[in-house]
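The values are calculated or read from the model by the stated rules, or taken from the named source; none is laboratory data. All values derive from a computational prediction rather than experimental measurement. Every residue, glycine as well, gets a Cβ built from its backbone with ideal geometry; the counts of neighbours run over all protein chains shown.
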Amino acid sequence: MNDARPATAIDERGRSRRDVSHVEVLAGTSFKHQHLPAILADGLTRGFFEVHAENYMGAGGPPHRALSAIRERYPLSIHGVCMSIGGPGALDREHLERFRDLVARYEPALVSEHLAWSSHGGAFFNDLLPLPYTKDTLQRVCEHITQVQDAIKRPILLENPSTYVAFASSTMSETDFIRAVTRHTGCGLLLDLNNVFVSAVNHGFSPESYLAEFPLERVGEMHLAGHDEQRDDDNAPLLIDSHDRAVAEPVWDLYRSVVSRVGPVPTLIEWDSNLPDWPVLRAQAFAARRIMEEPTHAFAPEVSNAA
Ligand SMILES: [Fe+2]
């Protein structure tokens, strides 16, 4: 860390003021190294890129050379996957220190983590696992977020999960839980609309009702992604948050609806496997940008007046 460097100015939704303004129409994509030559040749303007923090926790080498080339040209979002914010145990101290050092090194516009757990007792799992929403888990999640925010000296954006099971032990809704977390920790939110749609179909609730309860005023970034459509053992629809294809039309519809209410918010296309050529991925980001640029938005007052 370079302590002589001035702290990055962060807005109330956890975003770097240098790279993101409230009125900036910022649409980005996941950054994959095989796209680097095409991205550098592209001359893309107004984009941003997101990477998984855990892929850059080594000290140097090709991953950092590629990421540095991106950071020299574009705002960056660092998206943590393995912090296990929702886990029952203490955060892994070494992991947190690596995460802190990565944030200090790249000074990203956005820093985010998941409302989920993925490690326990020193074992790391490949999945983002759900948690029950209770007073006890709320306290633990808030403690963990505060610990992360204290380490990196800025708020994070917490991402809503996609889920396939619900806990009978939950005593509050997911949206009430998330709202309470923002109130207690001051964190912002990363609203993943594909996660909302996947969970809504899997559990049989209305995504519009969920969004009506979601604290949209705290959203500093949105995610859009593709999902796989399967059937469960009872032949009911089962959606998998696969990040391996284009964004589905119902998710675009939710996005139009949210943007019409809150205005432009940095929006990222997540695409992590079965990668297309760069122009296909870029076209998805451009589609999000076009929606943000539509002139028909009825912004909430605190958003429209914030520039
Ligand atoms: Fe996401």
Are any residues in segment 230-243 surrounded by fewer than 17 Cβ atoms within 10 Å (Cβ to Cβ) and either of a type outside the set (S, T, N, Q) or in a helix (DSSP H, G or I) (or both), and if so, which ones?
Arg231, Asp232, Asp233, Asp234, Ala236, Pro237, Leu238, Ile240
Between residues in segment 202-220 that are surrounded by 15 or more Cβ atoms within 10 Å (Cβ to Cβ) and residues that are hydroxyl-bearing (Ser, Thr, Tyr) and part of a loop (DSSP other than H, G, I, E, B), which pairs lie under 6 Å by C-beta distance while being six or more apart or on different chains?
Asn202/Tyr164
Of the residues that make up segment 7-29, is at least one modelled with pLDDT of 85 or more and not hydrophobic (A, V, I, L, M, F, W, C)?
yes
Restricting segment 140-191 to residues that are assigned to a helix (DSSP H, G or I) and within 16 Å of the ligand (Cβ to nearest atom), the one surrounded by the fewest Cβ atoms within 10 Å (Cβ to Cβ) turns out to be Glu174
For segment 55-72, indicate whether the set of residues that are in contact with a helix residue (DSSP H, G or I) (Cβ under 9 Å, 6 or more places away or on another chain), within 18 Å of Gly220 (Cβ to Cβ) and at pLDDT 95 or above is non-empty.
no
Quick check on my filter: what residues within segment 46-95 are under 13 Å from Ser118 (Cβ atoms) and assigned to a loop (DSSP other than H, G, I, E, B)?
Gly80, Val81, Cys82, Met83, Ser84, Ile85, Gly86, Gly87, Pro88, Gly89, Leu91, Asp92
Filter segment 217-240 down to the residues that are of a type in the set (Asp, Glu) and at pLDDT below 90 and list them by number.
Asp232, Asp233, Asp234
Kindly indicate the residue of segment 246-264 that is at pLDDT 95 or above and in a loop (DSSP other than H, G, I, E, B) and also nearest to the ligand (Cβ to nearest atom) among those meeting that condition.
Val247
